[in-house]
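The values are calculated or read from the model by the stated rules, or taken from the named source; none is laboratory data. Please read these numbers as outputs of a predicted model, since none were measured by experiment. Ideal geometry is used to build each Cβ from the backbone, glycine not excepted, and the neighbour counts take in all protein chains shown.
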Amino acid sequence: MAVDAQGRPPLRIGILSAEHVHAPTYISLLAAMPGAHLVGVWDEDRRRAATAAEPVGTRVFDDVDDLLERVDGVVIASANARHRRLVEIAAAAGVHVLCEKPLATTVVDARAILDACAHAGVHLMTAFPTRWNPAARALESAVRSGALGTPVFLEGANTGTMPDVHAPWFVDPTLSGGGAVTDHVVHLADLYRWILRSEVVEVYAVANRILQERFARVETGGLVSLRFASGVSATIDCSWSKPRSYPTWGGLSIQAIGTGGAFGIDAFRQHLGVYGTREAGISWPAWGPDADAGMLAEFLSAVREDREPAVTGTDGLRAVEIVDAAYRSITAGAPVTLG
Amino acid sequence: MLPDRALPDRALPDRMLPDGALPDRAHPRRARTDAPLRIGVVGTGFMGETHVAAWAAEGIRTVIHDVDAGRAATLAERHGARVAASLDELFGAVDVVDVCTPTHLHAAVAVAAARAGRHVICEKPMARTLADAEAMLAAAREAGVRLFVAQVVRFFPEYVAARAAVLDGAIGEPGVLRLSRASFRPRQPAGHWFFDHDKSGGIILDLMVHDLDYARWIAGDVVAVHCRSASVAQPDAGVDHAVAILTHRSGAISHVSASWGYAPPTFTTSFEIAGSHGLIEQSSTTTTPVMPSLLAGAASGGPTALADTSLAGDPFRLELAEFARAIRDGTEARIGAEDGLEALRIALAADESARTGAVVRITQGAR
């Protein structure tokens, strides 16, 4: 077996489920990382596992326990509602966990995930790769250094195409937990918590199902307003507002206002404009640094160094609590308190 | 579902053309020679000067009045206007009174002008309070004169083009709107009426009202308003950043942001209108067609940010010309006085929500 740059044997990593659209990215990145040995892929749908494993030639496992016996850590990329069961199985096998966002579809499940990992003594990381996006890091630095002064307001948009084009479960509430609010609130909510070092105390949200031709069984449009313990207000447009004709999947942007001025980021602005044949249409291929690679490297480091990852299970739980409060606010038609 | 107050279909296309491209039958210059309207402008501050200049560009020599006679005289000289020594003198010399006073004085001037039998054009926001706005409507009705509220964003070509695209069905039914207007804190001395919430209503009534009106023009009447605000300059300097979340009766939702938190000379506007079948995006940061980077005279600028209208067919001219045409011909303009009142109603609800933290429910379109 190969060794990494420090001469250590690579960590053995498995993939539990390739249901999520991000699984192929994780698989190709892990297959190429010197610190990782991608052991294989398990999925309850064997054909899906085979399809995901094929490009890098990794092994397909029929039995989840068979894979868990051979790895130090797993990346869980199932449909949202199946996270809890898979985390519990992995933790029981003593395997460290990087779990796709949102950590769970209910606060109860998110807490159970944290408890399972704590009880088993394994590390749990939530997949919030945007913390490794260079623009997001530049904003965090501008706040940390004091360049922005005291932050007073954060406005953000994390909008995209309706992800049913990747996998139908995204719009099945029993598997996804919800629509645009579930899918797109957590990234910005986590970035805001990270940037502000403060917790959300109040949530207001509105949502509708007008976008995407009213076909979805879940909300496709949503606007969320957060109030932090530090007094800062923040908003999130989480809508699936990009039509199929849009040149890319979507984007994430923040306008931060502080006593030192304003600081804007557009996290996926580093893209080409490619205007090909009529059939190929218009596309915006991204060329910026891959935030997923930074996130996976941190997971490997945390496992190797036996320390808490930079994004924890608690971070995942807090984001789930914010989503839960957003749905409660939508039902109530009024702000709800949190914490 | 389209907004309640959609324009009559045949009225829209002409009004979207640049002034010079209007067909002969509607050309304002030709019509004006038939019945020239005499225009008076009350208040010669920032917006008063903008209007006097726009009227002058339309070939109209205005009569102006200001409590500061010296400022009125300076402005008159610059734009070839004539100064009236009193409101009564002005009312006696004009057919239309264009009210550009500080916000809290709109109602007093507009009501007096209406009672003197003069048509009224009033700068936005329509008034400082709903009671004032209602009094203006009542006075105009009783006197049988026209009343218009100058929500100029309805005349900015990018906003007009987006509305035309929506009416054309390009994106289906509007579902989620995001509107933003970002600038720096107006450079006025402490004690200026602009910074007195009782007089101006602050950033929500002054700046956000543009996009609140536009959101309603696109997605229809609003039933619930949530707003959060923040102070940037000093803790007690008043609000200079606010975001409102609107729920429209149609079910559409809008995110409306207004900011004085940016560094001079920033003035950017953007909007996104997402619909059942598509999306419209617009940002001044990517559509401003000149990009100077000159070494001399960097960033002097005026006291208050204003869009560079020289690049956009001067919406102020289009607006005032349309009001004048509507008065002369007895036709409707794209914005009525009731629309100005409803924009103010949403703004006041946002201001209340920002202060109390609660969602404010309102009733619109019940008339």
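Of the numbered criteria (1) assigned to a loop (DSSP other than H, G, I, E, B); (2) within 14 Å of chain A (Cβ to nearest Cβ), the one B:GLY117 fails is (2). Of all residues being of a type in the set (Gly, Ala, Ser) and in contact with a Pro (Cβ under 6 Å, 6 or more places away or on another chain) in segment B:267-326, which is modelled with the lowest pLDDT? Just the residue, please. Looking at residues that are of a type in the set (Gly, Ala, Ser) and in contact with a Pro (Cβ under 6 Å, 6 or more places away or on another chain), I get B:ALA299. Quick check, is A:GLY339 assigned to a helix (DSSP H, G or I) and touching a strand residue (DSSP E or B) at 6+ places or on another chain (Cβ under 6 Å)? Judged against the criteria, A:GLY339 is not a match.
Rundown of residues vs (1) farther than 17 Å from B:SER259 by Cβ; (2) surrounded by fewer than 18 Cβ atoms within 10 Å (Cβ to Cβ), yes/no style:
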residue	(1), (2)
B:ARG187	no, yes
B:VAL209	no, no
B:TRP217	yes, no
B:ALA230	no, no
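Here B:GLU123 passes the criteria (1) under 22 Å from the mean Cα position of the chain (by Cα); (2) within 25 Å of B:THR331 (Cβ to Cβ); (3) surrounded by fewer than 17 Cβ atoms within 10 Å (Cβ to Cβ) except the one numbered (3). Inspect segment A:104-115 for any residue being in contact with a Lys or Arg (Cβ under 8 Å, 6 or more places away or on another chain) and either surrounded by fewer than 19 Cβ atoms within 10 Å (Cβ to Cβ) or of a type outside the set (A, V, I, L, M) (or both) and give the result as yes or no. Checked against the condition, which is being in contact with a Lys or Arg (Cβ under 8 Å, 6 or more places away or on another chain) and either surrounded by fewer than 19 Cβ atoms within 10 Å (Cβ to Cβ) or of a type outside the set (A, V, I, L, M) (or both), segment A:104-115 yields at least one hit.
Being in the same structural domain as A:ARG209 (by TED's automatic domain parsing) and either part of a loop (DSSP other than H, G, I, E, B) or free of Cβ contacts under 8 Å to residues at least 12 places away in the same chain (or both) is not true of A:ARG85. Just one of (1) of a type in the set (A, V, I, L, M, F, W, C); (2) away from every other protein chain (no Cβ under 13 Å); (3) surrounded by 20 or more Cβ atoms within 10 Å (Cβ to Cβ) fails for B:PHE195. It is (3). Within segment A:311-328, if we keep just the residues that are over 16 Å from A:ASP109 (Cα atoms) and crowded, with 24+ Cβ neighbours inside 10 Å, the residue that is nearest to the chain's Cα centre (by Cα) turns out to be A:VAL311.
Filtering segment A:188-221 to residues that are at pLDDT below 95 and crowded, with 24+ Cβ neighbours inside 10 Å leaves only A:GLN212.
Considering segment B:151-219, the qualifying helices (runs of 4 or more DSSP H), each wholly inside and each with 2 or more residues that are in the same structural domain as B:ARG355 (by TED's automatic domain parsing) and within 16 Å of B:ILE346 (Cα to Cα), run over B:209-219. Within segment A:13-28, residues that are assigned by TED's automatic domain parsing to the domain that holds A:ALA90 sit with their Cβ atoms under 7 Å from residues that are of a type in the set (Phe, Trp, Tyr) and surrounded by fewer than 24 Cβ atoms within 10 Å (Cβ to Cβ), at 6+ positions apart or across chains, in these pairs: A:GLU19/A:TRP169. Among the residues of segment B:167-179, the one identified as more than 13 Å from chain A (Cβ to nearest Cβ) and either closer than 21 Å to B:ALA244 by Cα or under 23 Å from the mean Cα position of the chain (by Cα) (or both) is B:LEU167. When segment B:221-239 is limited to residues that are within 8 Å of chain A (Cβ to nearest Cβ) and part of a strand (DSSP E or B), the one that is nearest to A:ALA262 (Cα to Cα) turns out to be B:ALA230. Counting the residues of segment A:43-77 that are among the hydroxyl-bearing types (Ser, Thr, Tyr) and touching a helix residue (DSSP H, G or I) at 6+ places or on another chain (Cβ under 6 Å) gives 0. Every condition in (1) more than 8 Å from every other protein chain (Cβ to nearest Cβ); (2) out of contact with any Lys or Arg (no Cβ under 7 Å at 6 or more places or on another chain); (3) of a type outside the set (A, V, I, L, M) holds for A:TRP194 except the one numbered (2). Scan segment A:214-245 for residues that are facing another protein chain (nearest Cβ under 7 Å), in contact (Cβ under 8 Å) with a residue 60 or more places away in the chain and out of contact with any strand residue (DSSP E or B) (no Cβ under 6 Å at 6 or more places or on another chain) and the total you get is 0.
Cβ separations smaller than 9 Å between residues 6+ apart or across chains give the following pairs from segment A:145-163 residues that are closer than 22 Å to A:ALA79 by Cβ and touching a residue at least 24 places away in the same chain (Cβ under 8 Å) to residues that are among the acidic types (Asp, Glu) and assigned to a strand (DSSP E or B): A:ASN158/A:ASP237; A:THR159/A:ASP237; A:THR159/B:GLU272.
How about segment A:177-202: which of its residues are over 19 Å from A:PRO129 (Cβ atoms) and of a type outside the set (A, V, I, L, M)? If the condition is that a residue be over 19 Å from A:PRO129 (Cβ atoms) and of a type outside the set (A, V, I, L, M), then A:GLY177, A:GLY178, A:GLY179, A:ARG197, A:SER198, A:GLU199, A:GLU202 are the ones that fit. The set of residues in segment A:151-201 being among the aliphatic types (A, V, I, L, M) and part of a strand (DSSP E or B) consists of A:VAL152, A:LEU154, A:ALA157, A:VAL200, A:VAL201. The residue list A:VAL95, A:VAL152, A:VAL185 contains one member that is buried (at least 24 other Cβ atoms within 10 Å of the Cβ) and either closer than 22 Å to A:ALA229 by Cβ or among the polar types (S, T, N, Q) (or both), which is A:VAL185.
Tell me which residues, restricted to segment A:246-257, are within 8 Å of chain B (Cβ to nearest Cβ) and either closer than 21 Å to A:ASP315 by Cα or polar (S, T, N, Q) (or both).
Of everything in segment A:246-257, just one residue is within 8 Å of chain B (Cβ to nearest Cβ) and either closer than 21 Å to A:ASP315 by Cα or polar (S, T, N, Q) (or both), namely A:GLN255.
Restricting attention to segment A:265-290, the residues being without any contact (Cβ under 8 Å) to a residue 60 or more places away in the chain, within 18 Å of A:GLY160 (Cα to Cα) and not in a loop (DSSP other than H, G, I, E, B) number 4.
Across segment B:240-272, the number of residues qualifying as more than 20 Å from the chain's Cα centre (by Cα), more than 16 Å from B:ILE346 (Cα to Cα), more than 7 Å from chain A (Cβ to nearest Cβ) and surrounded by 24 or more Cβ atoms within 10 Å (Cβ to Cβ) comes to 0.
For segment B:240-282, a residue qualifies if it is under 15 Å from A:ALA262 (Cβ atoms) and part of a strand (DSSP E or B), and the qualifying residues are B:HIS241, B:ALA242, B:VAL243, B:SER257, B:ALA258, B:SER259, B:GLY261, B:PHE267, B:THR268, B:THR269, B:SER270. Evaluating A:VAL64 against the criteria (1) without any contact (Cβ under 8 Å) to a residue 40 or more places away in the chain; (2) more than 20 Å from A:THR126 (Cα to Cα); (3) under 24 Å from the mean Cα position of the chain (by Cα) leaves one unmet condition, (1).
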